[in-house]
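Below is one structure, written out as structure tokens, with a few remarks after it.
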Amino acid sequence: MLNKILPVAVSAVALVALSACGSSSAATPGASGGAAGGKAIVMGFSQVGAESGWRTANTKSVQESAKSAGVELKFSDAQQKQENQIKAIRSYIQQKVDVIAFSPVVETGWDTVLLEAKRANIPVILTDRAVDSEDKTLYKTFLGSDFIAEGKKAGDWLVKDSQGKSEVDVVELQGTTGAAPAIDRKEGFAEAIKAAPQIKVIASQTGDFTRSGGKQVMEAFLKSNPKIDVVYAHNDDMGLGAIEAIEAAGKVPGKDIKIITVDAVHDGMQALADGKINYIVECSPLLGDQLMDLAKKVVAGESVPERVVTEETAFTQEQAKAALPQRKY
Ligand code: GYE
């Protein structure tokens, strides 16, 4: 939107300057695009895709915050493909944007393009997901959740819930293969359930963070495993897909098979309040305001912390009922 508005606004100023004919208008230097006079920061943002409710809320947050912070946002959706993100970043470098922000779909394979940005003197901010790179100078800061802690919270709840039980068989629906939240949520959960040897992960596969992926993988799990006690899904959408598969198999989600998910987006919280999910670990998608603040600082050459961690909680069914009316996403 701002992309379109800005050239119009600039040409309007240029017109005024022209019609002022002869008088040395103070508006002219600004109109010709000089850096002085509070020119809006231009941010190139490469989003992962539109795979989940979380992602939709995150995109909305970034777009709204850019608008209210007066940041001109160039936005592109990579449809969950790394090659598309690399293309978008290269095009932002060519366009000489002031700052690049992106949420890397997977952790590895970014060094070359990030080096190109660094050589062009364009600062990079990682938002939501991390990259796995030795070279920490390739980006200024990383804003997002602690995904290992999220996985631990999910596991801790299950350890408590499994007290006194003889064997608890878990199937895991993993996020996108190679993505930071998939790797870390798996790791944190595995760490926590070590405390209860009766908990066993009997199957674990990716559902790509989508509802349809979660449904498909859960259908296959149900066919090949006669006893499933718990589903641990790396996000709400895959958990919601699993609910459909469980119901289609004639079982009751939340009772016959317990479900733990991560995110706490609206549809997940509704299913939790309805008793179909048993526990949700929150992961906030509302990163826009903090991202714009960091961008302004980075562009101004101010120092920023190399890691900014999002604050989050977790919800039981009762807590979801109480929280739902005030949820923003
Ligand atoms: O949990 C999931 C989304 O990177 C934290 O990506 C994000 C994850 C989120 O698709 O729903």
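The values are calculated or read from the model by the stated rules, or taken from the named source; none is laboratory data. The structure presented is a predicted model; accordingly, all values stated were derived computationally and were not measured. Note that each Cβ is placed from the backbone with ideal geometry, even for glycine, and that neighbours are counted across all protein chains shown. What goes into the accessible areas is simple: the full protein's heavy atoms, side chains included, and nothing from ligands, DNA or RNA. Shrake-Rupley method; radii C 1.70, N 1.55, O 1.52, S 1.80 Å.
Amide H contacts of THR141: LEU126, each under 5 Å away and 5 or more positions distant or on a separate chain (H built 1.01 Å from N in the peptide plane; Pro and chain starts excluded).
Sites count as exposed loop sites when they are GluC sites (Glu not before Pro), lie in a DSSP loop, and have at most 12 other Cβ atoms within 10 angstrom; the longest stretch of the chain without one is 168-301. Overall, the accessible surface of the chain at a probe of 1.4 angstrom is composed of carbon and sulfur to the extent of 53 percent.
Can you list residues from other chains, or at least 5 along the same chain, whose modelled amide H is less than 5 Å from the amide H of ALA101? The list, which skips near neighbours in sequence, is GLY44, PHE45, SER46, ILE125. Helix 211-224 against the longest principal axis of the chain: what's the angle in degrees, Cα atoms only, rounded to the nearest 10? Orientation of helix 211-224: about 20 degrees from the principal axis. The modelled label-to-label distance between ASP77 and GLN163, using points 7 Å beyond Cα along the C-beta direction, is 4.6 nm. Distances between placed amide hydrogens fall under 5 Å for ARG129 paired with no residue 5 or more residues away or on another chain.
In order along segment 274-281, the phi-based Karplus estimate (6.51 cos²θ - 1.76 cosθ + 1.60, θ = phi - 60°) of 3J(HN,Hα) comes to 7, x, 8, 10, 9, 7, 10, 8 Hz; Gly and Pro are listed as x. Here the dipole of the chain is about 640 debye; that uses its Cα centre as origin and unit charges on the Cβ of Lys and Arg (positive) and Asp and Glu (negative). Converting phi to 3J(HN,Hα) with the Karplus coefficients 6.51, -1.76 and 1.60 and the offset θ = phi - 60°, segment 225-239 yields 10, x, 10, 10, 9, 9, 10, 10, 10, 5, 8, 4, 4, 5, x Hz in sequence order, with x at every glycine or proline. Computed from Cα atoms, the angle from the helix 288-299 axis to the main principal axis of the chain rounds to 40 degrees.
Exposure check, 1.4 Å probe, all protein chains in place: ARG307 carries approximately 90 Å² of accessible surface. Within straight-line reach of LYS255, meaning a Cα separation under 23 Å, sit the following lysines at least 8 residues removed in sequence or on another chain: LYS152, LYS153, LYS160, LYS165, LYS200, LYS215, LYS223, LYS227, LYS276, LYS321. 3J(HN,Hα) couplings calculated from phi for segment 76-90 with the Karplus curve 6.51 cos²θ - 1.76 cosθ + 1.60 (θ = phi - 60°) are, in sequence order, 9, 9, 8, 6, 6, 10, 4, 4, 5, 5, 4, 4, 4, 4, 4 Hz; Gly and Pro show x. For the chain, the solvent-accessible area of protein heavy atoms averages 47 Å² per residue (probe radius 1.4 Å; ligands and nucleic acids excluded).
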